[in-house]
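Beneath this line is the structure, given in structure tokens, with notes to follow.
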Amino acid sequence: MDEGKDRVTGEATDWADSLKKHLDRASSARIYDYLLNPESPNNYAIDRAFAQAQLDALPDMQKAMRENRRFIGRAVEAALEHGITQFIDIGAGLPSQGQTHEVADRVAPEAGARVVYIDNELIAHAHSEILLGRNADPNRHKAVLADFYNHGDLWRKVLATEVIDPTQPSCLLMTAIVHFMPPEDRPDVPMGVYRDRLAPGSMLVLTHVPDDPTDEGLQAVARAYSNTANPAYLRTDEEFAEFFGGWPLLEPGLVWTGEWRPKTERSQEPWWDEDTDSTDGQPWWEGSPSRMLYRAGVALKP
């Protein structure tokens, strides 16, 4: 999802400019989709070429993205264990592999979990509607075209789906997008609005790529993203933690994705198996958790 200066306003010229922007340049949503599953048909040659070039600089990038997606699954399970059955996924990208509604319906089909996916990229939104139409329940799973920064419009559209009851706890997910939000755009402002609008007992799930000036591969990839529709801005953990607004973090706190309540069993998705465990049963990052690239945290609203 592009959370930079591209704003969804509804004007025809803005839609045309946004569409051109996301067709002319590689998109983080489609790059992510490709690296999750290279067989996915929901990305373009420009995205695949960019992804392959970044793997040369940062070979762990693909495994790290898949580990991030596995973390999302465990966070969804944690929300269900807390009795939360409605989910709002901002910056959802393409709901194709191991997404929130798939995990929730697999883990707790009796819960009838309700999910609204939000993205501000026209192409990602169009693919989302198609994919949800094929493998989701249209009464419980919706896709919304809206922009994180336009919090009033986004929240109205979420409620208009009639999928989310704002008086009940929700799980708000914003994963792998904070590092596309430069501080000059003041992402803390809409983030604070969303936290305020969530009912007590709600959950907030966030991941980001932290800055490491000594990691030459990471810095090279961050520079390369400046030429995509989604320029990167890497934060420290201290800066990242501010997005939780002081909500208490669930154990084990702010950690690398694979360290957040890890499970020993292999993923339900067979295309993850080659990445998740080595032949001796040890994690693929082999004692170097920073190779996972993404930091993760889950907080509960008092």
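The values are calculated or read from the model by the stated rules, or taken from the named source; none is laboratory data. The shown structure was predicted, so the numbers you read here are calculated from the model rather than taken from an experiment. Because the Cβ atoms are built from the backbone with ideal geometry, glycine has one as well, and the counts that use them run over all protein chains shown. Just the protein is used for accessible areas: all its heavy atoms, side chains included, with ligands, DNA and RNA removed. Shrake-Rupley method; radii C 1.70, N 1.55, O 1.52, S 1.80 Å.
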Whole-percent carbon and sulfur contribution to the accessible surface of the chain (1.4 Å, no ligands, DNA or RNA) stands at 51
Just the number please: accessible area per residue for the range 118-161, 1.4 Å probe, all protein chains included, in Å². 41
Would you calculate, for the chain, the mean residue ellipticity at 222 nm contributed by helices, counting each DSSP H stretch of 4 or more residues as -39,500 (n - 2.57) and dividing by all residues, to the nearest 500? -11500 deg cm²/dmol
Just to be sure I understand, if you calculate Rg/Rh (Cα atoms, Kirkwood Rh) for this structure, which of (i) 0.93; (ii) 0.99; (iii) 1.03 do you get? (i)
Can you give me the Cα centroid spacing of the range 165-203 and the range 28-68 in angstrom? 26
Using a 10 Å Cβ count of at most 16 others and DSSP loop calls, identify the longest part of the chain lacking such GluC sites (Glu not before Pro). 40-161
Hey, quick one: spin label on Asp165, modelled 7 Å out along Cα-Cβ, who in the range 89-130 has an amide N within reach, i.e. under 15 Å? 111-115
Please give the charge dipole size of the chain, origin at the Cα centre, charges +1 on K and R Cβ atoms and -1 on D and E Cβ atoms. Round to the nearest 20 debye. 580
Note the full-extension length gain between Ala199 and Asp237 as 0.36 nm times their separation in residues minus their Cα-Cα distance, in nm to one decimal. 11.1 nm
How charged is the neighbourhood of Thr175? Take every other residue with its Cβ under 10 Å from the Cβ of Thr175, and add Lys/Arg as +1 and Asp/Glu as -1. 0
Report, in debye and to the nearest 20, how large the dipole of the range 78-205 comes out about its Cα centre when Lys and Arg carry +1 and Asp and Glu carry -1 on their Cβ. 180
Which distance in nm do the two modelled labels at Glu39 and Arg156 give, with both placed 7 Å along the Cα-to-Cβ direction? 4.4
Can you give me the long-range amide H partners of Val144? Hydrogens built in the peptide plane at 1.01 Å from N, cutoff under 5 Å, separation of 5 or more residues or another chain. Tyr117, Ile118, Asp119
Here the gain from full extension of Leu55 to Thr214, 0.36 nm per residue of separation minus their alpha-carbon distance, amounts to 55.4 nm
Along Cα→Cβ, 7 Å out, is where each label goes; now give me the distance between the ones at Glu110 and Ser288 in nm to one decimal. 4.6
In the chain, whole DSSP H helices that both stretch 24 Å or further along their axis by alpha carbon positions and average at least -1.0 on the Kyte-Doolittle scale are 61-81
Roughly how much of Thr236 is accessible, in Å² to the nearest 10, using a 1.4 Å probe? 60
Using alpha carbons only: equivalent-ellipsoid semi-axes of the range 80-124, gyration tensor based, whole Å: 22, 11, 7
Assuming R0 = 45 Å, what is the FRET efficiency of Arg223 and Lys263, from their Cβ-Cβ distance, to the nearest 0.05? 0.80
Other-chain or far-sequence residues with amide H under 5 Å of Gln86's (modelled H): Arg114, Cys171
